[in-house]
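The values are calculated or read from the model by the stated rules, or taken from the named source; none is laboratory data. These numbers come from a predicted model, not from an experiment. Cβ placement follows ideal geometry from the backbone for every residue including glycine, while neighbour counts extend to all protein chains displayed.
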């Protein structure tokens, strides 16, 4: 936390500028998503209706001695025989559905078309085509779901005979003879309170070959009709504007406000004590490889003392003298023994609210009185370790004497009570 405070305090203007940028970007994204969203056009169906149509067919058996019972009716077959089923009776059923209401008049016109064709599919060539009307009738006031049925009798045998005559006359005997029943349904009226005027054609194809006529699948038109309107719809916020924008807005606003308030309350700049302690901790971490934790003998303290201003200065001395830096496990100071001198550095006092514990910084519960600290420092290291163990204090695996003194003082332990 001290490093963070020091960094923020040193670059306060830049950090505030970054927080303001985050605030502005978040506000811009959120405003674009919620205050000034984009739009797009969509089509909405106001009303719809759909027309349907299908075919059914049957033929009455004529003649004697056939495989079919004379007078019987065969229906919805794929293949019919010209000789015994010459007349095909087709029934076309038309109806429509609407999303609301409707009333239409329907004119149903049925015709038969005979033609000669060569080839199939897109490569088919129609040599000739003849159309003949079969029936036309009108139905009024047809409502949704009301069926309109049209039944006609198609003399297929006569149609086949005529087709053969035309093919012979035109010299196209190799052409495929075929026909289809076409039903044109013309509707007019109102559906869903809107005028309609549509014509739909339903086709029942058949082919002739070898005295039989084969009925194929009917060709049905798309009878779906819609009334649409174009409306403008608002674009959804999306992730950037709907989620990231508000998050950045709150983070930027909170960060800017917090920084300004902390600066005014003098919560960012480090005190001299905190700055000194932080510099010491940085040096301690940087030069850890040069430092050995030992218990110095009493003879080491009889040497002439030379004090270093910082731990980094003491490490420089150790490097020049090619000696290690010794951290006294009991007293907690740092020493370099060389040429009868003891070069030493005393760690700075721990700032209020921070506890040094095995190289880690934790929050202090309370400040130890100076009198308690001075009294504890007079006791040997091992005695302080025993007191800490008895009190159940967490001082780490290898605490320095300064750590022990600080922990015992904060816990209010008085070692003199045991002596009495």
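Give the range 60-84 a look and list any residue that's within 24 Å of residue 217 (Cβ to Cβ) and in contact (Cβ under 8 Å) with a residue 40 or more places away in the chain, or say none.
77, 78, 79, 80, 81, 82, listed by residue number.
Report yes if residue 186 is touching a helix residue (DSSP H, G or I) at 6+ places or on another chain (Cβ under 7 Å), surrounded by 16 or more Cβ atoms within 10 Å (Cβ to Cβ) and outside the structural domain of residue 10 (by TED's automatic domain parsing), otherwise no.
Judged against the criteria, residue 186 is not a match.
Just checking, does the range 69-77 include any residue being at pLDDT 85 or above and buried (at least 16 other Cβ atoms within 10 Å of the Cβ)?
For the range 69-77, residues at pLDDT 85 or above and buried (at least 16 other Cβ atoms within 10 Å of the Cβ): present.
Since residue 283 meets every condition but one in (1) under 20 Å from residue 332 (Cα atoms); (2) touching a helix residue (DSSP H, G or I) at 6+ places or on another chain (Cβ under 9 Å); (3) not in a helix (DSSP H, G or I), which condition does it not meet?
Among (1) under 20 Å from residue 332 (Cα atoms); (2) touching a helix residue (DSSP H, G or I) at 6+ places or on another chain (Cβ under 9 Å); (3) not in a helix (DSSP H, G or I), the lone unmet condition for residue 283 is (3).
Report yes if some residue within the range 154-167 is assigned by TED's automatic domain parsing to the domain that holds residue 68 and in a strand (DSSP E or B); otherwise report no.
Looking for residues that are assigned by TED's automatic domain parsing to the domain that holds residue 68 and in a strand (DSSP E or B), one finds at least one in the range 154-167, hence yes.
Every residue, every condition in (1) surrounded by 13 or more Cβ atoms within 10 Å (Cβ to Cβ); (2) over 50 Å from the mean Cα position of the chain (by Cα), yes or no:
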position	(1), (2)
103	yes, no
111	yes, yes
114	yes, yes
117	yes, yes
120	no, yes
130	yes, yes
162	yes, yes
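Could we say that residue 215 is assigned by TED's automatic domain parsing to the domain that holds residue 74, surrounded by 13 or more Cβ atoms within 10 Å (Cβ to Cβ) and closer than 21 Å to residue 106 by Cα here?
no
Given the conditions (1) modelled with pLDDT of 90 or more; (2) surrounded by fewer than 16 Cβ atoms within 10 Å (Cβ to Cβ); (3) assigned to a strand (DSSP E or B), and given that residue 126 satisfies all but one, which numbered condition is not satisfied?
(1)
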